[in-house]
Structures are given as C-alpha cells and as structure tokens.
Amino acid sequence: MPSSRQGVRRGGGGGDVRGGDGRGGRDACHTAAMENREPLKPFLLAFPGPLRDKLVEAVLSGEKVCTSGLLLEYEVEREELPPVGERSALIDSGGREVAVIELTDVQVLPLGSVGLRHAQDEGEGYTSVAQWRAGHERFWHSGEMREALGDPQFTVDDDTMIVAERFRVVERLA
C-alpha cells in the first residue's frame, strides 16, 4: 500500500509511512543485531497497527516487493527521494527492526500511470489496478494521512505524483 511518511510512511493497503528523519524513524528502536552495524533509516509501512502488521508480514513472506507513497509526503517532510541501493530497517508495529531491505528501483510517476505489475507486487492480493487504487485512495484520504500532510481536504487524482519503490529483503532480524 501507500507509503505514509511520518517522516515518511510507505505504501500499504494503501499506507506507507516513514518517520521523523523522513524515513519513518521516530518509533523505531535498535535491536542487538543492529548495534553491530551502522544504524539504518527506518522503513515504515502504513501507520502502526493491523495494516502495518499485515504489510510487514507480506514483506517477510516475499509477497510484497514494492510499495508506493505520495511525492507530497517527501515534500512535506523536506526529504530527498531514497536512492537505489539504499538499505533501511523494516519496522513492525512494536517499533522493532525485523528486516533489512534494499531499494532496487525508485520511480516517480503519475497515479494514473501505475500498472498491473506494480499493483500485484504490492503483495496485498490486488488483481487489478482499480483494486490497488481504491485501497490506496482509502489510505491517502484517511484522517491520519490528511493530518500527516497538513491538509484536511487532501484528495488524489490521475495526475497526483507518487513514488513507486521496489525492494528486496537482504536480511531478517527477527
């Protein structure tokens, strides 16, 4: 789903969010495994709760290999887009680092240009772009997301720019 940055949260069931440093970090904590390496930026999917739990499980199972968020989230958080090759710590609802993910592709495109492969690779069972979009619109039009964007009337359309990220799990931590 979408990424929603809290700092920036990333897609998921329509809800991606990363935090603080623009990558979702305020609710992240370090595990013993992470203390042996340089800290990674947090990779947050949706807001903490059942949706994030579902999305994290989909990443860990290999079903979810991409996500999408609003370009506006990066602008609001004054964050640069993540580069291909960047590694981040996937964070669960408890604030635990559960995996290291590496970005393999980052694209900025209009919402109306999202294709079926991306929709299916989000790992949420979407069988059409229309289903994917409806789920993401529910998230992006939610009160939580509108509050994070600072716009209680925010809506998306075909021309809304999104950030489509493709990633792979390089290490499981939990």
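Values computed for the structure shown
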{"quantity": "Boolean, Trp132 is among the aromatic types (Phe, Trp, Tyr), farther than 27 Å from Val100 by Cβ and at pLDDT 95 or above", "calculated": "no"}
{"quantity": "Residue in the range 80-96 that is more than 22 Å from Pro39 (Cα to Cα) and assigned to a loop (DSSP other than H, G, I, E, B) present", "calculated": "no"}
{"quantity": "Matching entry among Glu102, Glu97, Glu57 (being surrounded by 22 or more Cβ atoms within 10 Å (Cβ to Cβ), at pLDDT 95 or above and over 12 Å from the mean Cα position of the chain (by Cα))", "calculated": "Glu97"}
{"quantity": "The range 62-79: number of residues that are in contact (Cβ under 8 Å) with a residue 24 or more places away in the chain and either open to solvent by 40 Å² or more (accessible area, probe 1.4 Å) or polar (S, T, N, Q) (or both)", "calculated": "9"}
{"quantity": "Test result for Leu51, surrounded by 16 or more Cβ atoms within 10 Å (Cβ to Cβ), in a helix (DSSP H, G or I) and either touching a Gly at 6+ places or on another chain (Cβ under 8 Å) or modelled with pLDDT under 95 (or both)", "calculated": "yes"}
{"quantity": "Residue match in the range 94-102 (condition: closer than 21 Å to Thr160 by Cβ and touching a helix residue (DSSP H, G or I) at 6+ places or on another chain (Cβ under 8 Å))", "calculated": "no"}
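The values are calculated or read from the model by the stated rules, or taken from the named source; none is laboratory data. The structure displayed is predicted, hence computed values, not measured ones. Positions of Cβ are generated from backbone atoms using ideal geometry, with glycine treated the same way; all protein chains shown enter the neighbour counts. Accessible surface is based on the protein model in full, side chains and every heavy atom, while ligands, DNA and RNA are left aside. Shrake-Rupley method; radii C 1.70, N 1.55, O 1.52, S 1.80 Å.
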